[in-house]
Amino acid sequence: MTSSNRSVRQIRVAGDPTDIMGRFSKSKEISYRFKLNRSQDVHLTLSQLAANADVDVQLLNQKNRVVGQSKQAGSASEFISKTLKRGEYLIRLLNRRGAAKTEYRLKVSTADLLPTLRSQAVQVNRGQESVVTSAQLKAIDGLQANDQLRYTLTQMPQYGVLRLDGVPLGIGASFTQADVDKGRLTYKNTSPGITAIGNGSNPLVSGSMLVWAGTGGSDGGTDNEIFFNDGKTTRQLTQNSADDIVKAIDGNQVVWTSQVGGVDQRGTASYDLYHFDGTTTRRLTENAVNETFIGLEDGHIFWTSPVGKLSSTGQPTYEVFYSKAGVTRQLTDNAVNELVSDSDGATAVWEAPLGKPDATGRATSEIFYFNGREVQQITDNAVDESSPRVDNGKVAWSSKTGALENGASTSEVFLFDGNTIKQLTNNNTDDYLGDIEGNTIVWMGRNGTPNGLGLKTFEIFRYDGSTTQRLTTNSYDDALVAIDGSKLLWLGLGGQPTVTGQSTYELFFFDGVNTIQLTNNQANDLAAGLINSQIAWYSQSGVNNRQGVVTREMFFFNGRSIQQLTSDARDDDQPQFSSTTLAWRSTDGVTSQIMRYDIGDSFSFKVTDRANRASAEQVFNIQYA
């Protein structure tokens, strides 16, 4: 093996990339030698060349034969990926413009991993255009250069325009990490603001999709029909003479009930469940009872139905049902009522009085978990377990196993991680589970100072997977509203008294470090949830309507500031929102409208490397200021 260079640098090639910073000055050729002890894949890149440079790369075996080469034009990055046999090899860098002095970066590795992605939502003012920077969108590869990492768009923004060098992009268009680094990618908001999109009430939101029930429709009747809005147009999903009630939306899938069932014990037509999968509508139930809907996620649907064996009082008991892709399974069949309190994808949890008898001879409630395949009984004792919640295979609940207080056992919080049960609290005060998300579990403990009735108030506690943190210490009750990662939202009954002397609920936001009181007034502030530090709520703090009653108004916290969205003589309430869309009902007592307000946007993409290997589809979020 020979080289025109007088000295050839010996390098080691392994899974961790060998990273070399070099420079062409007078020489036109630079070489590196490495040895493989067995047959392996070898990947190398050459990047960070000067704008006027043109350097090619050759890979030679010990017989001085070229086994791989890259000859990109100009300063574009070079890339070689080859499976090599055991032996010695030479990497030769050829400066085609010998007079051009240039620095370079050479990376060599036996591993070619997919790039990792780091993203942070970009903040965009309404009607303005902002640059998407590498601080917000960054694909990182230990081996390949930024101009070899390519983003291909799979879903476009709904309420704005994505541009590369001022040219609008569409589905299938692409740009590189180098384009992002150089500030060539921009997003412009074109959202119209608050708009009325139909008549009705109780809107539900998923992404940019909305669904609600409203009167009229194409048949002009007075019964409620189901309407679906995809962010651009509205579609009527039902047309009948029966009352329809919307229950859930997940993406473009919708579940509702329709009063078309058989006559129940009261002589009234019962409500049956329907599922729209984005294309077709399927009837899930057909009987003479009213189902209790539980949840919809990724096409997994849960509900309970009073079709079980007769209870000790002679009434049919509620059993658990699960449906996916048109196939329905009855998960329980006994003579007790199952109380399902949560579902997560293909899993669900419930309590049922099937435990050992307590001191009075009454069967105690135990926790049951459907893991997507079978039902597991998690607890089996002589105490009552209640209010289970599930997230990603972990189940938390409250259990009457604590020390005595005033002669009764107190409630404690437990966690099942898929294998073992862990007791999170152990004291002589009641601890009631709020919710679980990931490693975060939140509960309300009666540990506060006594209130006017002499009862200790409920305070907020947060468990992060290893330690427990008390977040509130006051003389009023606090109740969890939502969890989002390490962030929490709760209500505190410590607001200014109303004119009748009653304390009001105020909103508190914990950002993972600090607690922020969002509201402080003489009205109850009721929130819809917490998503990416965004919070929507309504408050009875508006103007007097025609009847002299103070109206409800909509408010939105974008993670930085509070915006009052409405200020009129109509009631604005029933808010629901996603990371991009906020919807609510606006009514004057006679007519009700569905209002839509776009609070953000997003686009989806896949990242491919020089070897044309694609990542999973990713979503980039945009927040409106």
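The values are calculated or read from the model by the stated rules, or taken from the named source; none is laboratory data. Nothing here was measured: the structure is a model prediction, and the numbers come from that model. All Cβ positions, even for glycine, are placed from backbone atoms using ideal geometry, and neighbour counts span all protein chains on display. Surface accessibility is based on the protein's heavy atoms, side chains included, excluding ligands, DNA and RNA. Shrake-Rupley method; radii C 1.70, N 1.55, O 1.52, S 1.80 Å.
In terms of its C-alpha gyration tensor, the range 425-500 comes out oblate, because a/c is 1.5 or above while a/b does not outweigh b/c.
Taking the Cα centre of the chain as origin and assigning +1 to Lys and Arg Cβ atoms and -1 to Asp and Glu Cβ atoms, the resulting dipole is close to 4640 debye.
Considering amide H positions built from the backbone, and no H for Pro or chain starts, which residues 5 or more places from G434, or on another chain, come under 5 Å of its amide H? Those qualifying (amide H under 5 Å, at least 5 residues apart or on another chain) are V442, W443, M444. What the Kirkwood sum gives for the range 492-570 is a hydrodynamic radius of 13.3 Å, with every pair of different alpha carbons counted. The coefficient of translational diffusion for the range 241-290, derived via Stokes-Einstein from the alpha carbon Kirkwood radius under 10 °C and 1.306 mPa s, stands at 142 µm²/s.
With a Cα-only, solvent-free Debye model of the range 194-331, what are the log10 I(q)/I(0) values at q = 0.14 Å⁻¹? For the requested q values the scattering log ratios are -0.66. How many angstrom lie between the Cα centre of the range 268-286 and the Cα centre of the range 464-505? Cα centres, the range 268-286 to the range 464-505: 39 Å. Counting only residues at least eight positions apart within a chain, or on another chain, the aspartates and glutamates with an alpha carbon under 12 Å from that of K487 are E437, D464, D511. In the range 267-309, which GluC sites (Glu not before Pro) fall in coil by DSSP and have 15 or fewer other Cβ atoms within 10 Å? Sparse-neighbourhood loop GluC sites (Glu not before Pro): E286. With kT/(6 pi eta Rh) evaluated at 25 °C and eta = 0.890 mPa s, and Rh the Kirkwood radius from Cα pairs, the range 108-191 diffuses with a coefficient of 180 µm²/s according to Stokes-Einstein. Between amide H atoms placed 1.01 Å from N, distances below 5 Å from D477 occur with F458, L493, all of them 5 or more places distant or on a separate chain. For the range 4-99, report the translational diffusion coefficient in µm²/s to the nearest whole number, using Stokes-Einstein at 10 °C, 1.306 mPa s, and a Kirkwood Rh over Cα pairs. Taking Rh from Cα pairs, D becomes 114 µm²/s. Over all orientations, the range 283-341 has a Cα convex hull whose mean projected area works out to 4.1 square nanometres.
Between N520 and V549, what is the FRET efficiency for a Förster distance of 22 Å, r being their Cβ-Cβ separation, to the nearest 0.05? It comes out at approximately 0.50. Between Q423 and D511, full extension at 0.36 nm per residue minus the direct alpha carbon distance yields a gain of 29.1 nm.
One equal scatterer on each Cα of the chain, no solvent, Debye formula: the resulting log10 I(q)/I(0) at q = 0.09, 0.10 Å⁻¹ is -0.92, -1.06.
Each residue of the range 559-576 was assigned a 3J(HN,Hα) from its phi angle through the Karplus expression (A = 6.51, B = -1.76, C = 1.60, θ = phi - 60°), giving x, 10, 8, 9, 10, 8, 8, 10, 7, 8, 8, 10, 7, 10, 7, 6, x, 9 Hz with x at Gly and Pro.
Of the Cα atoms belonging to the range 44-162, the radius of gyration and Dmax stand at 18.9, 64 Å.
3J(HN,Hα) along the range 116-128: 9, 10, 10, 9, 9, 4, 8, 9, 10, 6, 4, x, 10 Hz, from the Karplus curve 6.51 cos²θ - 1.76 cosθ + 1.60 with θ = phi - 60°, whole Hz, x for Gly and Pro. Packing, taken as the mean count of other beta carbons within 10 Å per residue, orders the peptides 570-577, 181-188, 498-505 from highest to lowest as 570-577, 181-188, 498-505.
Pair-distance distribution of the range 494-625: all C-alpha pairs, bin width 10 Å, starting at 0; shares per bin in whole percent are 11, 34, 29, 14, 7, 4, 1, 0. For the residue pairs K63/K85; K324/K394; K71/K138; K356/K394; K28/K101, the C-alpha atoms sit more than 18 angstrom apart in K324/K394; K71/K138; K356/K394. The loop-placed trypsin sites (Lys or Arg not before Pro) in the range 201-262, going by DSSP, that have at most 11 neighbouring Cβ atoms within 10 Å of their Cβ come out as K232. Expressed as a whole percent, the accessible area of the chain that falls on carbon and sulfur atoms is 45 (1.4 Å probe). Which value, in Å to one decimal place, does the Kirkwood hydrodynamic radius take for the range 315-446 when every pair of different Cα atoms is included? So the Kirkwood estimate lands at 15.3 Å. Evaluating 6.51 cos²θ - 1.76 cosθ + 1.60 at θ = phi - 60° for every residue in the range 355-364, the Karplus couplings come out as x, 5, x, 8, 5, 8, x, 7, 5, 8 Hz, glycine and proline recorded as x. Going by the alpha-carbon gyration tensor, a ≥ b ≥ c the square roots of its eigenvalues, is the range 138-253 rounded (a/c under 1.5) or, if a/c is not under 1.5, prolate (a/b greater than b/c) versus oblate? The shape class here is prolate. Close amide H pairs (under 5 Å, H built 1.01 Å from N) link N524 with Y505, Q540, residues at least 5 positions away or on another chain. In terms of packing, defined here as the mean over residues of other Cβ atoms within 10 angstrom, the peptides 421-434, 327-340 line up highest first as 421-434, 327-340. Of all the Cα-Cα pairs you can form in the range 393-525, what percent are over 18 Å apart? Roughly 56 percent, once rounded to a whole number. Using a probe of 1.4 angstrom and keeping all protein chains present, the accessible surface of the range 1-158 works out to 51 square angstrom per residue. Working note: 222 nm ellipticity from helices only, DSSP H runs with n ≥ 4, each -39,500 (n - 2.57), summed and divided by the residues of the chain, gives 0 deg cm²/dmol to the nearest 500. The mean sequence distance of close C-alpha pairs (under 8 Å, at least 6 residues apart), as a share of the length of the range 68-169, puts its relative contact order at 22 percent. Fully extending the segment from S39 to R282, taken as 0.36 nm per residue of separation minus the present Cα-Cα distance, adds 81.9 nm. Accessible surface computed residue by residue for the range 396-497, with neighbouring protein chains in place and a 1.4 Å probe, gives 44 Å² per residue.
The distance linking the range 551-578 with the range 296-360 is 37 Å (Cα centroid to Cα centroid, whole angstrom).
Computed on the Cα atoms alone, the convex hull of the range 526-567 gives a volume of 54 cubic angstrom per residue. For the range 414-441, the residues whose amide N sits under 18 Å from a probe point set 7 Å from the Cα of N451 along the beta carbon direction are 429-434. Its relative contact order, with pairs defined as Cα atoms under 8 Å and 6+ residues apart, puts the range 262-406 at 13 percent.
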